[in-house]
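Following: one structure in structure tokens, then a few remarks.
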Amino acid sequence: MISVVFPGQGSQKVGMGSDFYNQFEYVRKLFNYADDILGYKISDLILNGPQDKLNQTTFTQPAIYLIGHIICEILKKETNLFKKNLNFFAGHSLGEYTALTAANALTFEQGLSLLSSRGEAMQSAVPLGEGGMSAVLGVDSEDLKKLIKENFSEIKCYLANDNSNGQFIVSGLNKELKKFNLLCLEKKIKNIPLSVSAPFHCELMRNA
């Protein structure tokens, strides 16, 4: 049984895919095609940055999708993986769209256009710079829920993702996340801020 899982936001970095871009002509064509579909140079942003702009969800979502799709194309053309029986495609958040494209449920063009619109909607739900997310490691979910409930009366801090036992994502306004981060430090709970530009997967995204 073979399963393929695609990443979501937070995995982006300037220069991702550059080795593929330099090595394969069909990858360069996909970069250029994405530029044409989106109407701006997503290729230049991915390859050259700046990082703070790439971290804005409007650009992050189509960028990660493009690289995920490119990796699939390379695996198809350069390896035997896609010739085998692939049982499942899945993804974290925007990675679901990459998975749908890999499974031929969406075309590349549809996925890229959808994520461009999705990114714009999600970025506009909370003003840029006012929200974010943190990964919380090595804590029980009930203890984490209790920590949030007891310390945030007017909740602007949310348990957003239950990724696995001992790995959770908290979303919220940055001023609330700062308080949450201090609580984690006080209680010796490992907490890692994520490279995202908004508080995804929580009530603050309702407008999106």
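The values are calculated or read from the model by the stated rules, or taken from the named source; none is laboratory data. In this text the structure is predicted, and so the values were computed from the model without any measurement. Note that each Cβ is placed from the backbone with ideal geometry, even for glycine, and that neighbours are counted across all protein chains shown. Ligands, DNA and RNA are excluded from the accessible area calculation, which covers all protein heavy atoms including side chains. Shrake-Rupley method; radii C 1.70, N 1.55, O 1.52, S 1.80 Å.
Place a +1 charge on the Cβ of each Lys and Arg in the chain and a -1 charge on the Cβ of each Asp and Glu, then give the dipole magnitude about the Cα centre in debye, rounded to the nearest 20.
On the way: 21 positive and 21 negative charges, 58 e Å.
Dipole of the chain, to the nearest 20 debye: 280 debye.
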**Q.** Viscosity 1.002 mPa s, temperature 20 °C, Stokes-Einstein D of region 1-120 from Kirkwood C-alpha radius, µm²/s
**A.** 150
Q) At q = 0.17, 0.19, 0.20, 0.22 Å⁻¹, what log₁₀ I(q)/I(0) does a Debye calculation on the Cα points of region 85-204 give, no solvent, two decimals? A) -0.88, -1.00, -1.06, -1.18
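Using alpha-carbon pairs under 8 Å, 6+ residues apart, how would you state the relative contact order of the chain in percent? Provide the component values of the computation, followed by the final result.
Numbers: 342 pairs, mean separation 49.5, N = 208.
That works out to 24 percent.
What translational diffusion coefficient, to the nearest whole µm²/s, does the chain have by Stokes-Einstein, given a Kirkwood radius computed over alpha-carbon pairs, a temperature of 37 °C and 0.692 mPa s viscosity? Could the numbers behind the result be given before it?
Numbers: Rh = 18.2 Å.
Translational diffusion coefficient: 180 µm²/s.
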Q. What is the spin-label model distance, in nm, from Asp140 to Ile37 if the labels are put 7 Å beyond Cα along the C-beta direction?
A. 4.6
Q: Work out how far the C-alpha atoms of region 104-168 reach from end to end along every principal axis, then list the three figures in whole Å, largest first.
A: 45, 29, 15
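Over 30 Å between Cα atoms: which of Lys13/Lys76; Lys53/Lys84; Lys76/Lys190; Lys41/Lys76; Lys13/Lys190 fall into that group?
Details: Lys13/Lys76 24 Å; Lys53/Lys84 38 Å; Lys76/Lys190 39 Å; Lys41/Lys76 26 Å; Lys13/Lys190 23 Å.
The answer is Lys53/Lys84; Lys76/Lys190.
Return one quarter of the surface area of the convex hull spanned by the alpha-carbon atoms of region 1-70, equal to its mean projected area, in nm².
On the way: hull surface 20.3 nm².
About 5.1 nm², averaged over all directions.
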Q: Would you mind getting the accessible area per residue of region 82-184, heavy atoms of the protein chains only, 1.4 Å probe, in Å²?
A: 53
Q. For Asp162, what accessible area in Å² do you get when you roll a 1.4 Å probe over the heavy atoms of the protein chains, rounding to the nearest 10?
A. 110
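Hey, what's region 1-57 come to in accessible area per residue, 1.4 Å probe, Å²? Don't skip to the end; give the middle numbers.
Details: 3160 Å² over 57 residues.
Accessible surface, normalised per residue, equals 56 Å².
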Q: First obtain the Kirkwood hydrodynamic radius of region 63-126 from its Cα pairs, then insert it into the Stokes-Einstein equation at 20 °C and 1.002 mPa s, and state the resulting D in µm² per second as a whole number.
A: 172
Q | Cβ crowding within 10 Å averaged over residues, with 130-140, 177-187 ranked highest first | A | 130-140, 177-187
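Leaving out ligands, DNA and RNA, and with a 1.4 Å probe, what % of the accessible surface on region 1-152 is carbon or sulfur? Intermediate results must be reported in sequence, preceding the final value.
Working: 3770 of 7630 Å².
Answer for region 1-152: carbon and sulfur cover 49 percent of the accessible area.
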